[in-house]
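So the structure is just underneath, and the comments pick up after that.
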Amino acid sequence: MAKIDVLRHPEKAKRPENPPLRKPAWIRVKAPSSPVYGETRRLMREQNLHTVCEEAACPNIGECWAQKHVTVMILGDICTRACAFCNVRTGKPGAVDPNEPEHVADSAAILGLRHMVITSVDRDDLDDGGASQFVRCIERLRAVSPATTIEILTPDFRGKTGALETVVAAGPDVFNHNLETVPRLYPTIRPGARYFHSLRLLDEAKRLRPSLFTKSGIMVGLGEERGEVLQVMDDLRSADVDFLTIGQYLAPTTRHAPVARFVTPEEFEEYRRLALAKGFLLVSASPLTRSSYHADSDFEKLRAARLARLAGG
C-alpha cells in the first residue's frame, strides 16, 4: 500500500497510519498496459481534463481506458472536503475553467463515446456548488456529440439553493449521487455530508423529472453491518432510485480509512439478489464495481429493464 503524498494530501497526512489488509485473489487487477490506454491518457492531457479514474485511483482504469471509457472530473482536481475514503486532494480550488465544457465535448466526440459520465469535486466555495458548469458541459456535449447519452455524478450541493433544479433541467439521461456508506459511518467516513440530505437529493431529482434515471452507490468493507446495507437499499427505493451499485472499499493509502474486511463475491451476489427483489431496475454488485464501471452497457440494460417493467404492467 502506497504511503501518502504529504504535498498532495496535507490534511490526510495528519491521520494515523492503518496497517493494510492483504488483498484476496478476487480483488487483484492487472496493471494498465494496453496501447489504447496510453492513447486515452494522452487525449485527457491534451484536452486538459481531469478524470476520477486517475484521481480516485480506480482499480478498473486499465480495463476501462483500453476501451476508451473515461469518467471526466470537472471543476478542477482540488476538493473542498476531506472524506476519509477519497484519494482526491483537498484544499483551496482554483478558478473554474471556462473552456472545460468544450474540452469535455471534444473528448467525447474524439473517443466516439456512446455514453459519457461527468463527475466533479465538491466545490462548496462556489455559489451554486458548480451546478452551472455541469449545465454548460451537458449543453455543449449535446451540441457536439448528440448521439452520446449523458450521466452526471454530482456532489450533494448542500446549502446551494436551486443547484439541483438547474442541473436536472439541463436534461441528463442519468442523475447519479452516491450515498457512499451507511448513515452510522458518516461522521468518520463522510463528515462533510449528511445522509438524509443526499437521500432527499435523489428523491427530489426524480420528483422534478420522473422520466430521469436515478442512480446511487455505496462501498462495503468499511465496518458496516448487513442489516445497515439492507436499510440503505430500502431508503433508496423509498426515493424511487432505479440503479444501485455496490463495490468493495479499497483504502488509497495507509492514512485513509482502513479496510475493515474484504466482502466475498458470494456476499456481493446475495446483495445483488436482495436489491433486485426490493425493486431496483438494475443492480451492479461485485468487489470491483465502481459507480461508473461499465456505465455505457449498464445504461442500455437500464433502459431495457424499464421498458420490460412497463410492458409487464
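Readers should treat all values here as calculations from the given coordinates under stated rules, not as data from a laboratory. Small disclaimer: the values here were computed from a predicted structure and weren't measured. Positions of Cβ are generated from backbone atoms using ideal geometry, with glycine treated the same way; all protein chains shown enter the neighbour counts.
The structure shown yields percent of Cα pairs over 30 Å apart, and of the options (1) 29; (2) 53; (3) 37 that calculated value carries the label (1). Close amide H pairs (under 5 Å, H built 1.01 Å from N) link residue 289 with 248, residues at least 5 positions away or on another chain. The helix-only estimate of mean residue ellipticity at 222 nm for the chain, built from DSSP H runs of length n ≥ 4 each weighted as -39500 (n - 2.57), is -11000 deg cm²/dmol after division by the residue total. The count of lysine pairs in region 29-311 whose Cα atoms are under 26 Å apart, excluding pairs fewer than 8 places apart on the same chain, comes to 12.
Looking at region 29-311 alone, DSSP beta bridges between its own residues are antiparallel in about 5 percent of cases.
Computed from backbone phi with θ = phi - 60° and the Karplus coefficients 6.51, -1.76 and 1.60, the 3J(HN,Hα) list for region 284-297 is 10, 9, 6, x, 9, 4, 10, 4, 9, 5, 6, 4, 5, 5 Hz; x is used for glycine and proline. A simple rule links phi to the HN-Hα coupling: the Karplus curve 6.51 cos²θ - 1.76 cosθ + 1.60 with θ = phi - 60°, which for region 204-209 gives 5, 4, 5, 5, 5, 8 Hz, with x for Gly and Pro.
Counting neighbouring beta carbons within 10 Å and listing from fewest to most, the residues 145, 286 come out as 286, 145.
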